[in-house]
1. Is it true that some residue in the stretch 75-85 is touching a residue at least 60 places away in the same chain (Cβ under 8 Å), part of a loop (DSSP other than H, G, I, E, B), in contact with a Ser or Thr (Cβ under 9 Å, 6 or more places away or on another chain) and closer than 30 Å to F343 by Cβ?
2. Residue by residue through the stretch 59-70, note down the ones that are open to solvent by less than 40 Å² (accessible area, probe 1.4 Å) and under 17 Å from the mean Cα position of the chain (by Cα).
3. Quick one: count up the residues across the stretch 211-222 that are modelled with pLDDT under 85 and open to solvent by 30 Å² or more (accessible area, probe 1.4 Å).
4. Please verify whether L93 is modelled with pLDDT of 90 or more and farther than 30 Å from L28 by Cβ, treating the condition exactly as stated.
5. Would you tally the residues in the stretch 144-160 being assigned to a loop (DSSP other than H, G, I, E, B) and more than 14 Å from F173 (Cβ to Cβ)?
6. Could you grab me the full set of residues in the stretch 26-46 that are assigned to a helix (DSSP H, G or I), open to solvent by 40 Å² or more (accessible area, probe 1.4 Å), touching a residue at least 12 places away in the same chain (Cβ under 8 Å) and within 18 Å of R70 (Cα to Cα)?
7. Out of E287, E268, E264, report the one residue that is of a type outside the set (S, T, Y), modelled with pLDDT of 80 or more and in contact with a Pro (Cβ under 8 Å, 6 or more places away or on another chain).
8. Restricting attention to the stretch 337-359, and to residues there that are over 23 Å from the mean Cα position of the chain (by Cα) and open to solvent by less than 70 Å² (accessible area, probe 1.4 Å), which single residue is nearest to L78 (Cα to Cα)?
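The values are calculated or read from the model by the stated rules, or taken from the named source; none is laboratory data. Source: prediction; values computed, not measured. All Cβ positions, glycine included, derive from the backbone under ideal geometry; neighbour counts span all protein chains shown. The accessibility values were calculated without ligands, DNA or RNA, using every heavy atom of the protein model including side chains. Shrake-Rupley method; radii C 1.70, N 1.55, O 1.52, S 1.80 Å.
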Amino acid sequence: MLVEKGDKLGSKRPTIMVGRRHLTEDLLVDVLLRLPVETLLRCKCVCKHWYALIKSPSFIEKHFHHKNNRARLLICNLTMSLDEGKSVDFSLLPDKIVPGVHPEQKILHQFGEATDFTSVAGPVDGLFLLEKAEFLAEDDSRLALWNPATREFWPLPPVSFELHPLEEHDYKFALGFDPSTRDYKVLWVRIFWGDWGMDVSPNCFISVYSLRNNSWKNLKSEFPYCCSLHEPIGSTYLNGVYYWLSGRLDNKSWRICSFDMGSEQFGEMQGPVIPNAQWGKLMLRGESLAIIVIDPGKPMACIYDVWVMKQEGSWTKVLTTVQPLLKVACWPRSLWEDDKMIFESFETSQLVLYDPTTRQVTDLGFQLELIAGRYWVFNYKESLVPIRRGNDNQGKDNAVEQIDHFFNSLQRTSRPVGCYL
């Protein structure tokens, strides 16, 4: 029972009656912040006060950063076969992984017959960006936002680009948050290279989607000449800005391209100076931008160095990792708990967790078909962030058919307006 209790100053503070005791507002918030998203979605039905509290932006932010909301590994496993076509599994691992023991896998969702599924990016505040494209029609990509915790799914409207069908092109997506307007945005960059033999700048087309407005806006923002944006490991969104590695300034230092979600402007900055580094990938290490490179002194030994940006232009090497002592070469897929590395075996397509301190290798229990397939590995935290404001259908499993429809061109009819998974 919700009651009001006066304090010494005569003001009234809401309290909850539990038996014969009053549960103060501060204590109520403290209790609710410790609960998982699934439980909180049910708690919204208790009373109007709880409903308003759990939906408030301040509570959502506090819950996301609460110590009880621990990061976990989320694995997206795309498999393809001639018999069953494409299938996509999203599996969640425990927050604590016991060395040498296969962790239990919790299936968050399975996209059955996901004919058009192409890629997934994120997360940003618990939200993912999903891409689909019909077979042999990659120029007609479509995007959707998804919150696995609340099971909310939202297809984005189509974006209009000037087509250059005879030119080679590349494209990149980026999901981010504009702190000044509290709006989630999606950046879409298409780069048409034209004739590689001509020393001319490529044609770049840029569009930004605003979740608040549910619309795309084409930008005339000046794109850096470097324009070769290398795919990062996971999301590289940090504090209102998205980052990509964009090549080398010379044979010593890396160059980084950025996009500010608030000003909607591109920028450039210098990365760490690492002479003769053979390979590099941008990533996040905790709340810092980082780059992982192959040790230039021993490129064949697969020794990886991790550099972290303390402040713009200031980089420090914080970790050196030798790939697991396996019989086959491995590819880094993600960092876990700042110093442990997720590797994918080239030969067996297994995912393993490697602790460089103990040299312990833990098989995570995933293995792709050797013919075709792909992994995405994410550091994931549950989130109450709503994709569409004002919707009260979070947590309702009434959209399984719609999301399967979204990713299956064989069953395409009209596009769903919005759905919740």
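1. No.
2. F64, N69
3. Result for the stretch 211-222: 2.
4. So L93 passes the test.
5. Counting residues in the stretch 144-160 that are assigned to a loop (DSSP other than H, G, I, E, B) and more than 14 Å from F173 (Cβ to Cβ) gives 7.
6. Once the filter is applied, which keeps residues that are assigned to a helix (DSSP H, G or I), open to solvent by 40 Å² or more (accessible area, probe 1.4 Å), touching a residue at least 12 places away in the same chain (Cβ under 8 Å) and within 18 Å of R70 (Cα to Cα), the stretch 26-46 yields only E38.
7. Exactly one of E287, E268, E264 is of a type outside the set (S, T, Y), modelled with pLDDT of 80 or more and in contact with a Pro (Cβ under 8 Å, 6 or more places away or on another chain), namely E268.
8. Filtering first and then ranking leaves T348.
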